[in-house]
1. What's the total number of residues in region 102-153 that are among the small types (Gly, Ala, Ser), more than 24 Å from Leu77 (Cα to Cα) and in contact (Cβ under 8 Å) with a residue 40 or more places away in the chain?
2. Examine region 194-216 for a residue that is within 20 Å of Ser103 (Cα to Cα), assigned to a helix (DSSP H, G or I) and either among the acidic types (Asp, Glu) or modelled with pLDDT of 95 or more (or both), and state whether such a residue exists.
3. From Leu172, Leu250, Leu210, which residue is out of contact with any Lys or Arg (no Cβ under 7 Å at 6 or more places or on another chain) and buried (at least 24 other Cβ atoms within 10 Å of the Cβ)?
4. Can you name the number of the only condition in (1) in a loop (DSSP other than H, G, I, E, B); (2) modelled with pLDDT of 95 or more; (3) under 16 Å from Glu42 (Cα atoms) that Arg239 fails?
5. Six or more apart or on different chains, Cβ atoms under 8 Å: show the pairs whose first residue is in region 171-191 and within 23 Å of Thr235 (Cα to Cα) and whose second is at pLDDT 95 or above and hydroxyl-bearing (Ser, Thr, Tyr).
6. (1) at pLDDT 95 or above; (2) among the aliphatic types (A, V, I, L, M); (3) more than 19 Å from Trp159 (Cβ to Cβ); (4) buried (at least 22 other Cβ atoms within 10 Å of the Cβ): which one isn't true of Ala54, the others all being true?
7. Can you name every residue in region 119-153 that is of a type in the set (D, E, K, R) and either at pLDDT 95 or above or crowded, with 24+ Cβ neighbours inside 10 Å (or both)?
Amino acid sequence: MNTIKIMPCLDLKEGRVVKGVNFINITDAGDPVEHAAFYQSEGADQLAILDISATREKRSTRLEWVHTVSSVITIPLTVGGGISSLQDIEAVLEAGADKVSISSAAVNNPQLVDEAARLWGPDKLTIAVDGRRNPGMVSGFELVVAGGTMPLSRDAVDWARECQERGAGVILPTSMDGDGTRKGYDLEFTRSIADAVFIPVVASGGAGELEHFYEGAVQGGAEILLAASVFHYRTLSIRQVKEFLRDKGLQVNL
């Protein structure tokens, strides 16, 4: 197994970190710059920020947020939300992001994945795959977009596989059923995608206990473990998580 990486995620709205449950019931969770600097000092391997309102408001990512967060960290920064064109990707990378995360725009224009991978390489390109349970899908998971508000009657795992073929470097699946619940990652969803692709997969949505991180890596097959509220509210520290995983026999950077 590869070295397991820990990635806190800052969901941003109106310049503040926010957190929801099942993609709704949004509450304030602090200042993004303070969180970013703190997480780097704690030993985070990567950081993600997501402009959660950009797609629904039909606008691009707020570049000033990218710049202010990137200016206080040196760990890799992945930025998502409102990225819908090659110009958006270029602007976000120039603002300080190391990688971009694309969701709805990739579904609407799959060629964007091909073109972005050709211009910047797979290492710069994460595809976020939001899904929910639907027994009508072959994999049992339906692809959703627009912050989980729009189901597409399309198989989420098939889409993840197609994104890899088009040049994505990382797949970031998030289960609507588990998001923000702190009941654990949706291991079935994460594993179904990890088994379908050979590029790194991020476990996302629902981590609330130390055991959940171990399950995400071992049972979910994820190489990167993303969490938000459990870190924002200081329920767990990144160091705690890494030491727990190490003691369980997993390789981490301490």
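1. As a first pass, look at region 102-153 and keep what is among the small types (Gly, Ala, Ser): 103-106, 116-117, 121, 128, 131, 136, 139-140, 146-148, 153.
Now narrow it down to the ones that are more than 24 Å from Leu77 (Cα to Cα): 136, 139-140, 153.
Still in the running and in contact (Cβ under 8 Å) with a residue 40 or more places away in the chain: 139-140.
Of the residues in region 102-153, 2 are among the small types (Gly, Ala, Ser), more than 24 Å from Leu77 (Cα to Cα) and in contact (Cβ under 8 Å) with a residue 40 or more places away in the chain.
2. yes
3. Working: Leu250 fails: buried (at least 24 other Cβ atoms within 10 Å of the Cβ); Leu210 fails: buried (at least 24 other Cβ atoms within 10 Å of the Cβ).
Going through Leu172, Leu250, Leu210 in turn, the sole match is Leu172.
4. Arg239 satisfies all of (1) in a loop (DSSP other than H, G, I, E, B); (2) modelled with pLDDT of 95 or more; (3) under 16 Å from Glu42 (Cα atoms) except (1).
5. Close Cβ pairs (under 8 Å, with a partner that is at pLDDT 95 or above and hydroxyl-bearing (Ser, Thr, Tyr)) amount to Ser175/Thr190.
6. Among (1) at pLDDT 95 or above; (2) among the aliphatic types (A, V, I, L, M); (3) more than 19 Å from Trp159 (Cβ to Cβ); (4) buried (at least 22 other Cβ atoms within 10 Å of the Cβ), the lone unmet condition for Ala54 is (1).
7. From region 119-153, those of a type in the set (D, E, K, R) are 123-124, 130, 132-133, 142; that's our starting set.
Once the filter is applied, which keeps residues that are of a type in the set (D, E, K, R) and either at pLDDT 95 or above or crowded, with 24+ Cβ neighbours inside 10 Å (or both), region 119-153 yields Asp123, Lys124, Asp130, Glu142.
The values are calculated or read from the model by the stated rules, or taken from the named source; none is laboratory data. Being a predicted model, the structure only gives us computed values, none of them experimental. We place every Cβ from the backbone using ideal geometry, glycine too, and count neighbours over all the protein chains shown.
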